[in-house]
Ligand SMILES: Cc1cc2nc3c(=O)[nH]c(=O)nc-3n(C[C@H](O)[C@H](O)[C@H](O)COP(=O)(O)O)c2cc1C
């Protein structure tokens with residue numbers, strides 16, 4: 001496998017830890033997707049229908065702004081893309097990210113952390129945000145403590 005880029009969005013640190021472990025295990029480079037406006041704990045309250053995350057996730061066309069435009073996507077053929085599962089799918093800032101850069105001809109491998117949900121419709125909801133010739137791979141939910149060996153053999157097993 002050629003050197004990959006491991007990108008991730010993490011609101012409360014769990015996906016960040018998974019991304020760091022993955023990047024280390026596969027010798028990849030790490031890039032954090034940061035929102036222009038960071039999410040506060042009130043923003044993340046899924047029990048409040050009016051919280052920022054509830055409002056964004058109730059509107060699939062919402063595209064929360066990114067803080068930066070410098071992800072080195074152009075330099076890699078394979079990009080791992082990690083995020084927390086929100087309301088059974090990816091946060092809409094992941095759509096923003098996919099629409100912001102040129103992923104044509106590249107392979108994007110999804111990974112996530114969650115409270116227990118699996119991918120469900122996650123990949124289907126992201127597909128319209130990439131070009132037809134972007135290979136979107138439903139990777140895995142990396143919940144729990146995965147060893148470097150497990151992460152490496154999973155990534156190598158993708159055959160990229
Ligand atoms: C707004 C919101 C919605 C969530 N929805 C789900 C969900 O549908 N299913 C699930 O298993 N976990 C859900 N979670 C839990 C997160 O996926 C989980 O805590 C994740 O590991 C957080 O990652 P982070 O620390 O990188 O942000 C939700 C969390 C938030 C804040």
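The values are calculated or read from the model by the stated rules, or taken from the named source; none is laboratory data. Nothing here was measured: the structure is a model prediction, and the numbers come from that model. Neighbour counts run over all protein chains shown; Cβ positions are idealised from the backbone, glycine included.
Structural remarks
- Among the residues of segment 124-135, the ones that are farther than 20 Å from residue 64 by Cβ and in contact with a strand residue (DSSP E or B) (Cβ under 7 Å, 6 or more places away or on another chain) come to 2 in all.
- Inspection of segment 86-93 identifies at least one residue that is surrounded by fewer than 18 Cβ atoms within 10 Å (Cβ to Cβ), within 16 Å of the ligand (Cβ to nearest atom) and either over 26 Å from residue 40 (Cα atoms) or within 15 Å of the chain's Cα centre (by Cα) (or both).
- Of all residues in segment 18-53 being near the ligand (Cβ under 8 Å from one of its atoms) and either closer than 19 Å to residue 107 by Cα or in a helix (DSSP H, G or I) (or both), the one that is nearest to the chain's Cα centre (by Cα): 18
- For residue 56, the requirement of being modelled with pLDDT of 95 or more, within 10 Å of the ligand (Cβ to nearest atom) and in contact with a strand residue (DSSP E or B) (Cβ under 9 Å, 6 or more places away or on another chain) is met.
- Within segment 59-73, if we keep just the residues that are away from the ligand (no atom under 14 Å from the Cβ) and farther than 26 Å from residue 160 by Cα, the residue that is surrounded by the most Cβ atoms within 10 Å (Cβ to Cβ) turns out to be 66.
- Taking every residue in segment 21-47 that is over 20 Å from residue 99 (Cα atoms) and pairing it with any residue that is in a loop (DSSP other than H, G, I, E, B), at least 6 positions away or on another chain, the pairs with Cβ-Cβ distances below 6 Å are 28/4; 39/11; 43/51; 44/11; 45/51.
- Just so you know, in segment 1-12 the residues that are exposed (fewer than 14 other Cβ atoms within 10 Å of the Cβ) and over 16 Å from residue 93 (Cα atoms) include one that is farthest from the ligand (Cβ to nearest atom), and it is 2.
- For residue 76: the one exception among (1) more than 13 Å from the ligand (Cβ to nearest atom); (2) under 16 Å from residue 36 (Cβ atoms); (3) surrounded by 20 or more Cβ atoms within 10 Å (Cβ to Cβ): (2)
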